[in-house]
Amino acid sequence: SSLPKGLQEKYLLTRQIGVGVCGEVRLAFERSTCNKFAVKVINKKNFQSEGTATRNAETEIKILQRIDHPCLIKTQDFYQTEDSYFIVLEMMEGGELFNKVKSQQQLKESVAKLYFYQMLCAVHYLHSNGIIHRDLKPENILLSSSEDVCLIKVTDFNQSRILEEAALMRTLCGTPSYLAPEVFTHANTTGYGLAVDAWSLGVLLFVCLSGYAPFHENFGNYSVSEQIIRGEFTMIPKKWEHISNQAKDMVRKLLVVDPKERMSIAEALQHPWLQDQEMLATAQRLMYPNDAACHPAPVAMVTPAHQEAESGYTTHRKR
Ligand SMILES: C/C(=N\NC(=N)NO)c1ccc(NC(=O)c2cc3cccc([N+](=O)[O-])c3[nH]2)cc1
């Protein structure tokens, strides 16, 4: 397929390192520095009908260029031809979390906790910026190295939505006479609320801890969608007997059918299972390496990454 001239000039594209439903990932070398990058090639025709496709792609590119968090993939460059998008991204040598949890492999609970905490921080950041991911799954969680203890990054904003408060404001500027009541009462939960990401993180945590999916066509005599709607999942004793009650409690509070009853991301960050100083210090070091390097903050001073965002506590830390 034809590559954009600008891309060819700046990067040398080599072998395929990943393949997704909507395109492939190629290893690229920046010619001037020889630094390695991953190039995600997205064929436009794989998107739904023309209308939604371009809107999705424009939204996604807008999101990719706007987000700035250690656990969200960073875009280095962006090119397009009439049939494909080329997104130049930082290299994530560990590949997709999917390959670590497929074929029944269970992660050690401490590793699952470290990854899950980073996912929570990433999604907490997205939600604070009015972005719902809506497609959190193992394929969209990338690992920075093949080591168990590593930085993870969330990617693929194809299904993401920016909470359109602005659209509602525009609507309310017009004459309200013809507006239906729910536009006023359910305005901020049009379609999907932020809680959909909390559910998906519950499924992700279940898979990381147990190695199998909570809702699966082979279980019972209900379809997967019926199992999900009923919130019926089974913790197979053989797989869950060595997992802590706090971890099980976290899963159970996220896999709640009623979004209003479901634990929120902020509540999950305060859950006892994550009040683990060793894990928090490791996550801190992975997410903000520059801080730890110059002067290791005394433990008492370590503000968990998410609380810093929460309290607006400004540190010298550069973003
Ligand atoms: C933005 C995006 N998807 N957007 C979209 N609309 N997809 O449908 C997107 C999706 C996936 C990725 N994946 C990677 O960057 C990625 C996958 C992979 C596998 C082995 C090894 C590496 N690597 O960087 O070494 C990998 N990087 C990067 C970006």
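When +1 charges are put on Lys and Arg Cβ atoms and -1 charges on Asp and Glu Cβ atoms, the dipole computed for the chain relative to its Cα centre reaches about 440 debye.
For segment 10-32, no residue has its backbone nitrogen under 16 Å from a point 7 Å from the Cα of Ser2, taken along Cα to Cβ. A simple charge model with +1 on the Cβ of Lys and Arg, -1 on the Cβ of Asp and Glu and nothing else charged puts the dipole of segment 141-283 at about 180 debye relative to its Cα centre. Give the residue from Leu107, Leu120, Gly94 lying farthest towards the positive end of the charge dipole for segment 76-146; charges sit on Cβ (+1 for Lys and Arg, -1 for Asp and Glu) and the dipole is referred to the Cα centre. Positive-end residue among those listed: Leu107. The slack between Arg134 and Lys248, meaning 0.36 nm per residue of separation minus the straight C-alpha distance, is 38.7 nm. Hydrophobic, long helices, defined as DSSP H runs whose alpha-carbon span along the helix axis is 18 Å or greater and whose mean Kyte-Doolittle value is at least 1.0, occur in the chain at 195-210.
Taking label points 7 Å from Cα along the Cα-to-Cβ direction, Phe219 and Lys238 give a separation of 1.6 nm.
Lysine pairs in segment 1-128 whose alpha-carbon atoms fall under 15 angstrom of each other, counting only those eight or more residues apart or on distinct chains, come to 6.
Rg/Rh, computed from the Cα trace of the chain with Rh as the Kirkwood radius, has the value 0.98.
Note on segment 84-148: with charges restricted to the Cβ of Lys and Arg (+1) and Asp and Glu (-1), its dipole about the Cα centre is near 240 debye. Subtracting the Cα-Cα distance of Glu182 and Glu261 from their residue separation scaled by 0.36 nm leaves 26.4 nm. The residues packed around Trp273, meaning those with a beta-carbon under 14 Å from its beta-carbon, carry a net charge of -1 if Lys and Arg are +1 and Asp and Glu are -1.
Read the figures in this text as sums done on the coordinates, not as results from a lab. Not measured: the values here are computed from a predicted model. In this analysis, Cβ positions are derived from the backbone assuming ideal geometry, glycine residues included, and neighbour counts consider all displayed protein chains.
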